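To keep things clear, I will list the structure first and then write my remarks on it.
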Amino acid sequence: MRRVLVMAVVVMMATMSAMAQFPANVKDVLDKCNEKMDNPAGLVMDISMKMKLLVFSGNGTMKWYTKGDKSFTVSTMKVLGHEVREELGFDGQQEWNFTSAESKKEKDSLIITKTTAASKNDFGIDIDYDKMYKTAKMSEKGLYYVIDFSNPIDPKAPKKMTVKIAKDSYYLREMSTSMSGAKVTITVTKVTKGCSDNWFKLDMNRYKNAVVVRR
């Protein structure tokens, strides 16, 4: 379940880079979205998540802080009565990944890795959609530009993915996809301009009971 969710969020958090082989109208909207999402003062995004996997479903929330190359996310997901919390951060010198225990028999874990580049498996990384998909088509529905990606190049990418971008602000508003039998929808409910640098500092007080692994 967590792997499916992380993969979906990684796609949603991707920087909208230029899509040279996509239609000009798609490239134009994605470029404008990229410019808005890359605010020098930083952004704070409130996000809701829904996932349906075979016979059960889950709901969650995420708070995503970003400024330049630095990022910090706090996410919670409720599935079958269990709540799982995960936090990922990158401050330019190290990254950390906290995962809460899924049962009383387990312990919280915190992995701290020294690095000057965020892991390509973490939130907030750059993903080139032109290297993931061969086809992109755009339509206009109400307040949104709706872009459908298909025909994946990357075998790990979902076969199809749809993103919605607000016409008035060019902020990313929604991403939906199906992978590994799960349907995931991630919706941006609020975007706040400006983000304190304090969010990109590793605060060990947040993880007092975690088993710490340093790499």
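Every test in (1) under 30 Å from LYS134 (Cα atoms); (2) among the hydrophobic types (A, V, I, L, M, F, W, C); (3) assigned to a strand (DSSP E or B); (4) at pLDDT 90 or above is passed by MET51 save one, and that test is (4). The set of residues in segment 54-73 that are in a strand (DSSP E or B) and open to solvent by 30 Å² or more (accessible area, probe 1.4 Å) comprises PHE56, SER57, ASN59, THR61, LYS63, LYS67, LYS70. When ARG214 is tested against (1) more than 15 Å from the chain's Cα centre (by Cα); (2) buried (at least 17 other Cβ atoms within 10 Å of the Cβ), just one condition goes unmet, and that condition is (2). Name every residue in segment 179-211 that is open to solvent by less than 70 Å² (accessible area, probe 1.4 Å), among the hydroxyl-bearing types (Ser, Thr, Tyr) and within 20 Å of the chain's Cα centre (by Cα), in order of residue number. THR185, THR187, THR192, SER196 - these are the residues of segment 179-211 that are open to solvent by less than 70 Å² (accessible area, probe 1.4 Å), among the hydroxyl-bearing types (Ser, Thr, Tyr) and within 20 Å of the chain's Cα centre (by Cα).
Of the residues making up segment 74-99, those that are open to solvent by less than 50 Å² (accessible area, probe 1.4 Å) and over 18 Å from ILE112 (Cβ atoms) are SER75, THR76, MET77, VAL79, VAL84.
The values are calculated or read from the model by the stated rules, or taken from the named source; none is laboratory data. Quick caveat: nothing in here was measured; it's all calculated off a predicted structure. Backbone-built Cβ (ideal geometry, glycine too); neighbour counts: all protein chains shown. Ligands, DNA and RNA are stripped out before the accessible areas are found, and what is left, the full protein with its side chains, is counted by its heavy atoms. Shrake-Rupley method; radii C 1.70, N 1.55, O 1.52, S 1.80 Å.
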